[in-house]
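Here is the structure we will look at.
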Amino acid sequence: MKKIFYGWRVVGAGAALQFFQSLLLNQAFGIYVAVLVEDRGWSKTAISGAAALKSTEVALLGPVLGWAVDRFGSQGIVRAGILIFGLGFMLLSQIETLAGFYAAFVVVALGSSMFSNFVMSVAIIQWFEKRRARALSALQFGGAVGGLFVFLIAWSIQAYGWRTTAFASGVIAILVGWPLARIIRSRPEEHGETVDGVPPAVKTAERSGAPERRMFSAGEALRTSAFWLISLGHGFSLLVVSAVNVHAITHIKEGMGYSLAQATLVFTLVTAGQFLGVMLGWVIGERFVKRKIAAACMLMHGVGLLMLTYSTGLGMLIVSALIHGTAWGLRGPLMQAIRADYFGRTSIGMIMGLSNLVTVIGNISGPILAALFADWTGDYRVGFTILAIMAGIGSLFFWMARRPR
């Protein structure tokens, strides 16, 4: 019986961890926003600040985490992240004030950043080269599937309350996440394996006659236009993704008159679209120019958000969710694959961490911009329209981001 390449086990464990992070936090945060606005009377802007705080924390930790993963590997970092993530949710279940909400969310954000898509992507990049885009797309399956089950969080909150749901989320995260973290390995060379599972002799034969691919240091990558164009394009995409994650359910519920359950069901279709996009990326990620695919996805983000903003019925809402989700699922894995293709894997953790300092602008600004205009005008139309236009502009950054020479 042929031995399964261990790199795929790393991908499977990483996808499972992304499933739980997506289900319990990333996709569920919009539900907590809608419930806390009603239960505690806090403004949308105040609660959206927690999402901005999470993004800021992740960005500031990015270079440190990138250096640590490059230097020490991923396994220990992922284990610690699982424990902190679970404890953060337990703290969240006990909060009474807005300050307490922010404090608990800092702990949740710290834990989630330590087993985030970023950390898992660095580990996977070390294991794959030839099928890198496919492996990174497989990692995204976990997040996509997790979003499909986000209705369970909405059901639990309605049935048992948000406090019980938050505490149970912390317990589940630790009990399930710990054994998954033990599967993570950092580099194939440290475990008697090779990149892609190809024997060294075959690898040498494959590369004979091919130009040697340069490995960039973090400082060298910073001096290329490609680093900044990819980072800006990625940041502009997160303007839309973060705003939709935080505010779509509230927009559908308050602005369009649907119930929380109906709004959550529509939002689940974003994840269904993401699942389709991930599958599409599995098929075409290695066959077409990645930066051009990313540029097309940015236009899809803009169209999807405009349809959500000016929807006249349920059918239009469904189409908007599927367009936005497909763009997200297809584009997401390509962000790290492009960086690894352009700059190599030697310092990829640090390079991706530094890039986070740029992309965080989108993660922070998207929810806050949408919330400010919603609190000011009474709905999300102006804020969402501006973000959709910026997504269109972001497509140009990817189109211009050619491989550094």
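The values are calculated or read from the model by the stated rules, or taken from the named source; none is laboratory data. Just so it is clear, the model here is predicted, and its values are computed rather than measured. Neighbour counts run over all protein chains shown; Cβ positions are idealised from the backbone, glycine included.
For the range 121-140, taking the residues that are crowded, with 24+ Cβ neighbours inside 10 Å and farther than 18 Å from Asp70 by Cβ, the one that is nearest to the chain's Cα centre (by Cα) is identified as Gln140.
Note on the range 51-101: residues that are among the basic types (Lys, Arg) and over 21 Å from Pro367 (Cβ atoms) total 2.
Name every residue in the range 56-111 that is modelled with pLDDT under 90 and hydroxyl-bearing (Ser, Thr, Tyr), in order of residue number. Answer for the range 56-111, where residues must be modelled with pLDDT under 90 and hydroxyl-bearing (Ser, Thr, Tyr): Thr56, Ser74, Thr97, Tyr102. Between residues in the range 127-139 that are touching a residue at least 60 places away in the same chain (Cβ under 8 Å) and of a type in the set (A, V, I, L, M) and residues that are surrounded by 24 or more Cβ atoms within 10 Å (Cβ to Cβ) and not in a helix (DSSP H, G or I), which pairs lie under 6 Å by C-beta distance while being six or more apart or on different chains? Listed pairs, sorted by first residue: Ala135/Phe128. Which of the residues that make up the range 1-49 are polar (S, T, N, Q) and either crowded, with 23+ Cβ neighbours inside 10 Å or farther than 15 Å from Leu98 by Cα (or both)? Listed by number, the residues that qualify are Gln18, Gln21, Ser22, Asn26, Gln27, Ser48.
Taking the conditions exactly as written (touching a helix residue (DSSP H, G or I) at 6+ places or on another chain (Cβ under 9 Å), under 27 Å from Ser113 (Cβ atoms) and surrounded by 23 or more Cβ atoms within 10 Å (Cβ to Cβ)), does Ala272 satisfy them or not?
no
Within the range 326-344, take every residue that is in contact with a Leu (Cβ under 7 Å, 6 or more places away or on another chain) and small (Gly, Ala, Ser) and give me the one that is nearest to Ala59 (Cα to Cα). In this case the residue turns out to be Ala337. In the range 345-367, which residue that is within 17 Å of Leu60 (Cβ to Cβ) and of a type in the set (Val, Ile, Thr) is surrounded by the most Cβ atoms within 10 Å (Cβ to Cβ)? Among those that are within 17 Å of Leu60 (Cβ to Cβ) and of a type in the set (Val, Ile, Thr), it is Ile351. Residues that are at pLDDT below 60 and of a type in the set (A, V, I, L, M) within the range 177-223 comprise Ala201, Val202, Ala205, Ala210, listed in sequence order.
Could you list all residues from the range 304-344 that are assigned to a helix (DSSP H, G or I), without any contact (Cβ under 8 Å) to a residue 40 or more places away in the chain and surrounded by fewer than 24 Cβ atoms within 10 Å (Cβ to Cβ)? Met307, Gly315, Met316, Val319 - these are the residues of the range 304-344 that are assigned to a helix (DSSP H, G or I), without any contact (Cβ under 8 Å) to a residue 40 or more places away in the chain and surrounded by fewer than 24 Cβ atoms within 10 Å (Cβ to Cβ).
Report, by residue number, each residue of the range 156-169 that is surrounded by fewer than 24 Cβ atoms within 10 Å (Cβ to Cβ) and in contact (Cβ under 8 Å) with a residue 60 or more places away in the chain.
Selection gives Ile157, Gln158, Trp162, Arg163, Thr164, Phe167.
Does Trp376 satisfy the condition of being in a helix (DSSP H, G or I) and either on the phi > 0 side of the Ramachandran plot or free of Cβ contacts under 8 Å to residues at least 24 places away in the same chain (or both)? Answer is yes for this residue. Taken together, the residues in the range 141-175 that are β-branched (Val, Ile, Thr) and either more than 20 Å from the chain's Cα centre (by Cα) or more than 24 Å from Phe275 (Cα to Cα) (or both) amount to 6. Of all residues in the range 276-303, those satisfying the criterion of being of a type outside the set (A, V, I, L, M) and either without any contact (Cβ under 8 Å) to a residue 24 or more places away in the chain or assigned to a loop (DSSP other than H, G, I, E, B) (or both) are Gly285, Glu286, Arg287, Phe288. Within the bounds of the range 76-85, is there any residue that is in contact (Cβ under 8 Å) with a residue 60 or more places away in the chain, aromatic (Phe, Trp, Tyr) and over 13 Å from Leu24 (Cβ atoms)? The answer is no; no qualifying residue exists. Helices (runs of 4 or more DSSP H) fully within the range 1-111 that include at least 1 residues being in contact with a Pro (Cβ under 6 Å, 6 or more places away or on another chain) and either among the small types (Gly, Ala, Ser) or at positive phi (or both): 44-72.
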